[in-house]
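Quick notes on the structure that follows.
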Amino acid sequence: MAGKATLSFPTGEKSTISTGLFIDNKFVPALDGKTFGVVNPSTGEEIAQVSEASAKDIDVAVKSARKAFKEVWGEKTPASQRGKILMRLADLVEQNNDELARIESLDNGKPFSISSTFDVPSVAANIRYFAGWADKNHGKTIEVDTQSDFHYTRHEPIGVCGQIIPWNFPLLMFAWKIAPALATGNTVVLKTAEQTPLSALKMCELIAEAGVPPGVLNVVSGFGPVAGAAIASHMDIDKVAFTGSTLVGRNIMKAAASSNLKKVTLELGGKSPTIVCDDADLDNAVSWATCGILMNSGQVCCAGSRLFVQDTIYDKFMEKLQEKFTMIKGMTKDGFAKDSFQGPQVSQLQFDRIMEHIETGKKEGATLRQGGNRHGDKGYFIEPTIFENVPVDAKINREEIFGPVLVVNKWKDEEELIARANDTLYGLAAAVHTTHIRKGIEIAHKLQAGTVWINQHNMLNPQVPFGGFKASGIGRELGEYALANYTNVKAVHLALGRQPPI
Ligand code: ADP
């Protein structure tokens with residue numbers, strides 16, 4: 001029998017969840033009986049033990065997904081029926097909004113005020129959006145020069161998809177991955193991040209309740225180098241989708257290449273520029289720039305971590321920015337505190353990595369304008385931090401920090417600004433702040449990034465594609481573009497009276 005855990009929230013509520021691996025719509029223990037501890041990042045205390053998948057468990061999950069693909073899902077369930085089941089799942093997410101949000105906040109540390117109004121509602125919206133696509137993703141008929149043939153394409157499901165997700169938006173990344181995969185008829189083996197497996201376990205109950213047939217969606221908890229690597233190199237997984245660090249993304253691609261050349265989509269890191277022009281609405285730009293880096297404690301792949309402020313407004317802008325950061329320092333709290341905006345970093349490891357970046361920044365000669373310290377005396381909180389006068393090749397100007405650390409640059413000449421903004425390995429996102437709309441659009445078109453915001457930051461919609469240029473990834477999530485990640489295009493050539501050549 002797989003285990004259960006009762007989670008106690010600081011608000012007094014409790015939730016009991018199953019902690020096994022979710023295979024064939026049943027919670028089962030790992031074959032070797034192993035479990036691992038899950039920690040509340042606000043306190044550093046263990047809150048649950050969950051089953052830990054090994055490569056053998058991945059094999060079992062893949063068998064179940066393969067059988068479901070052949071026998072019940074894929075082309076066996078009418079597309080409109082797949083959509084209907086996903087719509088039911090979206091409804092169930094809405095009905096369980098607050099419990100899911102509480103679990104998310106306890107496990108990840110993010111404010112409940114945000115998980116309950118943004119993360120979980122976005123999960124429902126994403127599932128519903130792709131549910132709508134289930135019976136609308138058609139091929140084309142194609143005219144060619146010779147009129148003696150008829151050509152058309154079909155968008156067929158790929159098969160069994162392995163999906164590996166990160167810990168920064170555990171439920172939302174779960175939805176981004178499963179919704180397009182299931183809507184298009186694939187079956188799935190998904191591995192959650194070892195830091196944050198709990199909200200997905202609650203989701204598994206809803207998946208069974210929504211009527212997703214056994215084997216269609218299997219969810220395992222486990223570690224990257226074991227369970228994640230087993231997915232990436234599995235010979236019977238047809239496609240792997242990954243969101244996480246660029247380093248691991250490279251490994252996933254190598255594993256896919258050296259196993260069965262499974263298809264790969266990757267959503268990786270970023271070092272996104274935020275550009276402020278002197279005609280920007282300053283208060284607005286300060287607020288967006290602050291949200292751009294401090295939202296989710298800086299643990300956002302499209303965080304605006306490199307800020308470029310025009311020289312003529314630099315001093316005024318920085319004063320206002322400092323004020324905002326001071327305000328957020330006062331709101332750096334346990335996610336269940338009423339006025340929390342910035343929670344802890346997700347783990348001791350992430351905390352240590354960020355503090356190391358801060359120390360490196362100081363040694364590299366950058367000026368620490370604000371923050372730079374641990375916040376509080378328990379959990380993994382870090383003060384909102386600003387560096388100025390940063391050397392171009394300083395590590396903090398080049399590497400993704402994935403924490404509440406902003407690097408600020410001054411700019412004068414627009415051409416030089418664009419070159420500096422694009423001078424990065426990454427190309428996930430960028431933002432421009434200006435009241436001159438033509439200037440905003442011109443700059444947006446010159447930036448090498450998959451997403452550019454004008455006068456906002458971090459705002460994403462299920463309908464609009466998201467993904468990276470350069471080392472920030474391969475493929476697009478969200479929107480109609482995401483469907484291409486989960487379908488094979490088949491071209492059918494039908495002879496209409498054409499004679500054979502010999
Ligand atoms: P971070 O360093 O921020 O924790 P990772 O990229 O390591 O980010 O983690 C994102 C996801 O990738 C997690 O689910 C993790 O378990 C998984 N992962 C880590 N290493 C590997 C690996 N070698 N192969 C497959 N998945 C991995």
What is the Å³ per residue value for the convex hull set by the Cα atoms of segment 51-177? 159
Provide the percentage of antiparallel DSSP beta bridges, counting only those with both residues in segment 1-159; round to the nearest 5. 100
Would any residue of segment 337-367 have its amide N under 15 Å from a label point 7 Å out along Cα→Cβ of K378? List them or say none. 337, 344
Expressed in nm to one decimal, what extension gain is obtained for the pair A419 and T11 from 0.36 nm per residue of sequence separation less their Cα-Cα distance? 141.9 nm
Pairs of lysine in segment 312-380 with Cα under 15 Å and at least 8 positions apart or on different chains: total? 4
Could you give me D for segment 29-80, from Stokes-Einstein at 37 °C and 0.692 mPa s, where the hydrodynamic radius is the Kirkwood radius over C-alpha pairs? Units µm² s⁻¹, please. 240
Counting just the Cα atoms, what span does the chain cover along each of its three principal axes? Round to the nearest Å and put the largest first. 75, 62, 40
Proximal lysines to K177, defined as alpha-carbon separation beneath 16 angstrom and excluding residues fewer than eight positions away on the same chain: K191, K239, K263
Aspartates and glutamates near K470 by alpha-carbon distance under 18 Å, same-chain residues fewer than 8 away left out - which ones? E267, E399, E400, D423
In whole percent, how big is the carbon plus sulfur part of the accessible area of the chain, probe 1.4 Å, protein atoms only? 54
Amide H neighbours of N488 under 5 Å, counting only residues 5+ apart in sequence or on other chains, H built in-plane at 1.01 Å? E156, I158
Accessible area expressed per residue, segment 443-485, with surrounding protein chains retained (probe 1.4 Å, Å²): 44
Compute the length gained on full extension between A55 and N461: take 0.36 nm times their separation in residues and subtract their Cα-Cα distance, giving the result in nm to one decimal. 142.6 nm
Direction-averaged shadow area of the convex hull around the Cα atoms of segment 419-502, nm²? 10.1
For segment 224-238, Karplus couplings with θ = phi - 60° (6.51, -1.76, 1.60), whole Hz, Gly/Pro x: x, x, 9, 5, x, 5, 5, 5, 4, 9, 5, 7, 10, 9, 8
Would you mind getting the Kirkwood hydrodynamic radius of segment 233-366 from its Cα pairs, rounded to one decimal in Å? 17.7
Peptides 205-218, 421-434: what's the order by average Cβ count within 10 Å, highest mean first? 421-434, 205-218
Collect residues whose amide H, placed 1.01 Å from N in the peptide plane, falls under 5 Å from the amide H of F27; neighbours closer than 5 in sequence don't count. none
Given axes a ≥ b ≥ c from the Cα gyration tensor, I'd like to know whether segment 391-464 is rounded (a/c under 1.5), prolate (a/b larger than b/c) or oblate. oblate
So for segment 21-109, if I pair up every lysine 8 or more residues apart or on another chain, how many of those pairs have alpha-carbons under 24 Å apart? 16
Work out from phi, with θ = phi - 60° and the Karplus expression 6.51 cos²θ - 1.76 cosθ + 1.60, the ³J(HN,Hα) of each residue of segment 471-483, listed in order in whole Hz, and give x for Gly and Pro. 7, 8, x, 9, x, 10, 9, 6, x, 4, 4, 5, 5
Residues of segment 61-134: accessible area per residue at 1.4 Å, in Å²? 37
Given 5 Å bins starting at zero, what is the percent of C-alpha pairs of segment 333-447 in each, up to the one with the largest pair distance? 2, 10, 18, 18, 16, 14, 11, 7, 2, 0
Enumerate the amide H contacts of D279 below 5 Å, restricted to partners 5 or more residues apart or on another chain; note that Pro and chain-start residues carry no placed amide H. T435
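The values are calculated or read from the model by the stated rules, or taken from the named source; none is laboratory data. All values reported here derive from a predicted model rather than from experimental measurement. Virtual Cβ from ideal backbone geometry, glycine too; neighbours counted across all protein chains shown. Heads up: the accessible areas ignore ligands, DNA and RNA and are worked out on the full protein's heavy atoms, side chains in. Shrake-Rupley method; radii C 1.70, N 1.55, O 1.52, S 1.80 Å.
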